[in-house]
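Only one structure is covered here, and it is reproduced in the block below.
Quick note: the coordinates plus some simple rules give every number you see, no bench work behind them. This one's a predicted model, so the numbers in the text were calculated from it and none came from an experiment. Note that each Cβ is placed from the backbone with ideal geometry, even for glycine, and that neighbours are counted across all protein chains shown.
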Amino acid sequence: MTVLGNLALWIALLVALWGAVMGFAGGSQGRPELQLSARRAMFATTAALLVAVVSLEWALFTRDFNVEYVASYTSRNLPTFYTWSALYAGQKGSLLFWASVLAIFGTLAVVFTSARHRVYLPYVIGIVSIVVAFFVSAMLAAANPFERLPFTPVDGRGMNPQLQNPGMVFHPPMLYLGYISITIPFAFAMAALLSKRLDVEWLVAIRKWTLVSWLFLSIGILLGMWWAYVELGWGGYWAWDPVENASLLPWLTMTAFLHSVMVQEKRGMLKKWNLSLIIGSWLLSIFGTFITRSGVISSVHSFAQSGVGYFFLVFLVGSAVLSFWIYARRLPLLTAETRLESMVSREASFLFNNLLFVGIAFSVLWGTLFPILSEAVQGTKVTVGPPFFNQVNVPLGLALLALTGIGPLIAWRRASLPNLQRQFAMPVAAGLFAGLALLVAGMRQPLAVLAFSLGTFVLATVAQEFFRGISARHRQYGEGRALAAARLIGRNRRRYGGYVVHAGIVLLFAAFAGMAFKTETQATLRPGESATLRSPFGHEWTFTHLGVSQYDALNRLVTAGTVELARDGRRVGILKSEKRQHVDGLGRPTFEPSTEVGIRSDLREDVYVVMAGVVNGTEQTVYRFTLNPLVWWVWFGGYVVVLGGVIVMWPGGGPPAVRRTQAGYAVKLASQSQETRKS
Amino acid sequence: MMAAEVVAGVALALGLVWYVMIPVLRPAAVRPAAGGADDGADEVEDLSPRTVALRALKEIEFDRATGKLSDADYADLKQRYTAEALAALRDAPAAAAPSPSLAATPPRAVCPDHGSRPEDEAVFCSQCGRRLAAAGAYCARCGATLEAGATYCNSCGVRVAA
Amino acid sequence: MTTITRRGFLQRSGALLAAGVTGSAIQSPAPDSLAGAGPSGRLWDPNRAGRSQAPTTERDSDPAIQVLEKRLKCTCGCGLDVYTCRTTDFTCTTSPAMHRDVLALLDQGLSEDEVVQAFVERYGVTVLMAPPKRGFNLAGYFVPSLAIVVAGAGLLVALRRWTRQAAVPASASAAGAPDAAAVAASPEELERLQHELDEFSA
């Protein structure tokens, strides 16, 4: 199916270019026939790219090893589940995946944009089409997934064992969805700039898209952490790897945008800032792709590198210059409507929140690029590893955590001293109490104590917000507390969903702080021998080596070491860690042996067992035993963040209809209100 | 196999090009884009001055109830946002139609002796039986009845036109 | 060293399996691989178990050496520090070699900083996981924090100016006229506003 695939790519390129021309021409001249052609071009691009995707999947599933991509990333014995994900296991396929998803997002934007915001659509189509065209041309010029080999190998090289993990099936698509969907808000922002319609409407149009993008990116980052934790085997989930950093950067700037956008909605301020945040987030997402694809900075994600990196560099620089040039030309149209009323107000606290988010983004970017910078300035390449990032970013992160608690307690527009006292008394007391309690309990890591203490403070503010909100509704409207709670959240989904996200972030921070107490040991055990490790919670864990078993699985030869776990002398279960030698369809080994870890998770700590290998082919086994405190809370905190995001995004206006029913003249009004809405 | 693929590819190309080019080739057939799915029901989406001002009023009320705003600040802000809301209501009485209750409620009539009537669409005063005139405006400062179209209050002299 | 036949292996695995099912017999596996009861059994196919590992010693898990090795980068290109690499990717031969160098240098009586220095002399500063805090590297550490502090200060100044500008018209209107005079409203309008507010979803 490579001929069809190639043709489909060329069609997609030409149609996308046509769509771009029609979009811009139709938008600037206001001609409906050109606009309709642009819309159709968007749909047609999507259709052509989907045909290309189907062609590639066809080649993958039929194991057409004459296709270079298929031979590189699959083998005859690759499980079906992972054959799907071979689409984005390599560079070329992920470019195709990227372009297709972008086209799909463009189509969704065209279909779901409400009538009010239709004016922007021709330009949106134009921008999206240009980006799609770029990706497709990069594929056709430098990384064509349909390229054929001059010969046909008997079997493919198979998929990297580290990618043969459920986390890796879902992590890249989620991350890509996050990265790619930023293009839609960016396109709306550029559409607003180009069409000079810079009133509040563009903001409404892009806010939801930014949320979508933020949510996917959050899920993608969390899944990436989970994958790193269960698959890479070093017992952590975040290593400040350049690729991880690249995914964090747009997340940070989008989070900043989601906060500062409220200031623009409520007060008409920060227009310039918000636009530049959106443009910046998009550029950072392209920058992330560039980092991942070019191998400029070495990283564990090296399986995705190749020569298209410099395409991205040119594209990145070109679009940065172009978009900021357009932005600069429209600056006079972007003046603030109102002024700040008080230094102590929610608006002001959002400004500092943005300062910290963008500051952290800058420091992560700075650290990621510093090796290149250092080589250019002082001629020596330096390594910027986790110690560097932790030193620079942990204090900033803690400041941000504090602001997470402080911000919501300050009223919009103005806050006065007695109010602040009343707002802060309980949460501050709770935070201090938690800190003292931990000190008394013997915790001696200052940063961890600070993190837990601040976390308690923030959780207390969230609880207080919910409690006071419910009480206020209870008093004002006489609602029962359960109803008041439901309505409070239902009618202020953004505010209270946001608080739920805050609570999730606190859990994440607490879990991160828990990693300061990670303990580990290596041991070489004969069957029956055991090693012990004392956990930060005071338990004594005993690991008894039971033996090694060997068996064959579908595409691998497995050697499994089994360990019996006992906590404080009481047996709690058995963990297995594997050495896997992957083989191709002919039984020839592929890749170096990989390691599968054994994990036992509970609310307090994870027991993490890694089988390093055996001594001289006997059952005497070298293990690494690690106790990772609070890791469960990372995943739980992640769920809470996603839940909060979903609450914020939950569509529809639900409440008004319910309210009118209660008002007693529902029937008459319902029909009228529909008419008025249509007008 | 290969020939079939080429045929399929060419068919795809022709089909898509036809689909995309039709509007340009036959512009007469194109009607202005019809309104599609409208999700405008969401008041959160609405950023008209009216909604923003109303939302601000609601919020300061709620902020006072939850103890974030002091009473003095509340009074001050309430005055400002009431003014903004009124200005927005006056600017866009027709556009304010999304509030259906208003569209359904005609202006309340006022009895010169007994004031504004509680009944909707009252024609006679339910206390004295007098025929009601359309409501006249009152000065918000001194309460004097204003002539139609007055710019200043005839009693206390304060500017009353917005 | 006892060589175990395939049949023997299966029998033993069977015993283990049975033990796993009953749960209680785990403590008494087949005698040939009991601790202290002789050498461990040989694996059926040692080749699939990855690189043969040397038995670890107490020093391999020494916390002080962990800390030291986390400052040094493995030069195999993995980007990890020596400790993480040698305890994670057990196919790498570079990090165990570097680990042995660390142990040897420590045995020569070098202090931890001297060991790090010796590595820098051999491999260059890239061997450090974080650049030393001197010269241009200081920019690496402090530019972001400085930028945030400067931007924060600028923000404070700007905020003060903005709020002062906003305060002037606000106070003028507050002082100049009595409360309700700021806006003249007919009762009808006020009522309408109240209506709108009631309708407005809170």
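Give me the net charge for the shell around residue A:109: Cβ to Cβ below 12 angstrom, other residues only, Lys and Arg +1, Asp and Glu -1.
So the surrounding residues net to +3.
What size of dipole, in debye to the nearest 20, comes out for region A:142-293 about its Cα centre when the only charges are +1 on Lys and Arg C-beta atoms and -1 on Asp and Glu C-beta atoms?
Details: 11 positive and 8 negative charges, 136 e Å.
Dipole size: approximately 660 debye.
Sorting check: for C:57-66, A:582-591, A:18-27, which peptide has the highest mean count of neighbouring beta carbons within 10 Å, and how do the rest follow? It would help to have the intermediate numbers written out before the result.
Values: C:57-66: 14.7, A:582-591: 16.4, A:18-27: 23.8.
For the peptides C:57-66, A:582-591, A:18-27, the packing ranking is A:18-27, A:582-591, C:57-66.
With θ set to phi - 60° and the Karplus curve 6.51 cos²θ - 1.76 cosθ + 1.60, what are the ³J(HN,Hα) couplings of region A:99-112 in order, to the nearest whole Hz, using x for Gly and Pro?
Karplus-based 3J(HN,Hα) across region A:99-112 equals 4, 5, 5, 4, 5, 5, 4, x, 4, 4, 4, 5, 6, 9 Hz.
On a C-alpha basis, how far is the centre of region A:512-577 from the centre of region A:17-88 in Å? Whole number, if you could?
Taking the Cα centre of region A:17-88 as reference, the centre of region A:512-577 is 46 Å away.
Please tell me which of these pairs span more than 23 angstrom C-alpha to C-alpha: A:381/C:133; A:266/B:78; A:518/A:576; A:381/C:70; A:272/B:78?
A:272/B:78
For q values of 0.12, 0.13, 0.16 Å⁻¹, compute log₁₀ I(q)/I(0) with the Debye formula on a Cα-only model of region A:518-629, without solvent.
Calculated log10 I(q)/I(0) at the listed q: -0.43, -0.49, -0.70.
Can you list residues whose amide H is under 5 Å from residue A:158's amide H, if they're 5+ apart or on another chain and H is modeled 1.01 Å from N?
Amide H neighbours of residue A:158, under 5 Å, 5+ apart: A:73, A:74, A:75.
Within a 10 angstrom radius of each residue's Cβ in A:30-39, how many Cβ atoms of other chains show up on average? Whole number is fine. Can you show the working numbers first?
Details: counts 0, 4, 6, 10, 4, 4, 10, 9, 3, 3.
Average per residue, whole number: 5.
Hey, got the average number of other protein chain Cβ atoms within 10 angstrom for residues in A:384-391? Please list the in-between numbers first.
Details: counts 6, 11, 6, 7, 7, 1, 1, 3.
Mean partner shielding for this stretch: 5.
For region A:319-334, in order, what is each residue's ³J(HN,Hα) by Karplus, 6.51 cos²θ - 1.76 cosθ + 1.60 with θ = phi - 60°, in whole Hz (x at glycine and Pro)?
Once rounded to whole Hz, the list reads 6, 5, 4, 5, 5, 6, 5, 4, 4, 5, 5, 9, 3, x, 7, 10.
Whole-Hz ³J(HN,Hα) for each residue in region A:348-361, computed from phi via Karplus 6.51 cos²θ - 1.76 cosθ + 1.60 with θ = phi - 60°, x for glycine and proline: what do you get?
Ordered by residue, 3J(HN,Hα) equals 5, 5, 5, 4, 6, 4, 5, 4, 5, 4, 5, x, 5, 4 Hz.
Of the listed peptides A:266-277, A:119-130, A:389-400, what is their order by residue-averaged count of other C-beta atoms within 10 Å, with the highest listed first? Numbers along the way, then the final one.
Details: A:266-277: 21.3, A:119-130: 26.3, A:389-400: 17.8.
Taking the mean over residues of other Cβ atoms within 10 Å, the ranking is A:119-130, A:266-277, A:389-400.
Helix-derived [θ] at 222 nm for chain A: sum -39500 (n - 2.57) over DSSP H runs of at least 4, divide by residue count, nearest 500?
Values: 21 runs with 429 residues, N = 679.
About -22000 deg cm²/dmol.
With N residues in region A:160-337, what two-decimal value do you get for its Cα radius of gyration over 2.2 N^0.38 Å?
Details: Rg = 17.5 Å, N = 178, 2.2 N^0.38 = 15.8 Å.
Ratio of Cα Rg to 2.2 N^0.38 Å: 1.11.
Could you please tell me the mean projected area of the C-alpha convex hull for chain A, averaged over all directions and given in square nanometres to one decimal?
Details: hull surface 141.4 nm².
Average projection, Cα convex hull of chain A: 35.3 nm².
Find the centroid of the Cα atoms in region A:272-287 and in region A:138-200, then give the distance between the two in whole Å.
One Cα centre to the other: 19 Å.
Starting from the amide H of residue A:584, placed 1.01 Å from N in the peptide plane, find each other amide H under 5 Å away whose residue is 5 or more places distant or on another chain.
When sequence neighbours closer than 5 places are left aside, the close amide H contacts are A:590.
Plugging the Kirkwood radius over Cα pairs into Stokes-Einstein for region A:215-277, at a temperature of 37 °C and a viscosity of 0.692 mPa s, what D comes out in µm²/s? Kindly include the intermediate steps, with their values, before the conclusion.
Numbers: Rh = 13.4 Å.
Taking Rh from Cα pairs, D becomes 245 µm²/s.
Could you work out, residue by residue across A:112-122, how many beta carbons of other chains sit within 10 Å of that residue's beta carbon, and then give the average as an integer? Working shown, then result.
On the way: counts 3, 3, 9, 8, 6, 1, 4, 0, 0, 1, 0.
Taking the mean over all residues of the peptide, I get 3.
In whole Å, how far is the Cα centre of region B:67-84 from that of region A:468-495?
Their Cα centres are 21 Å away from one another.
What order do you get for A:183-193, A:223-233, A:372-382 when each peptide is scored by the mean count of other beta carbon atoms within 10 Å, highest first? Walk me through the intermediate numbers first.
Details: A:183-193: 27.1, A:223-233: 21.5, A:372-382: 14.6.
Per-residue Cβ counts within 10 Å, averaged per peptide and sorted highest first, yield A:183-193, A:223-233, A:372-382.
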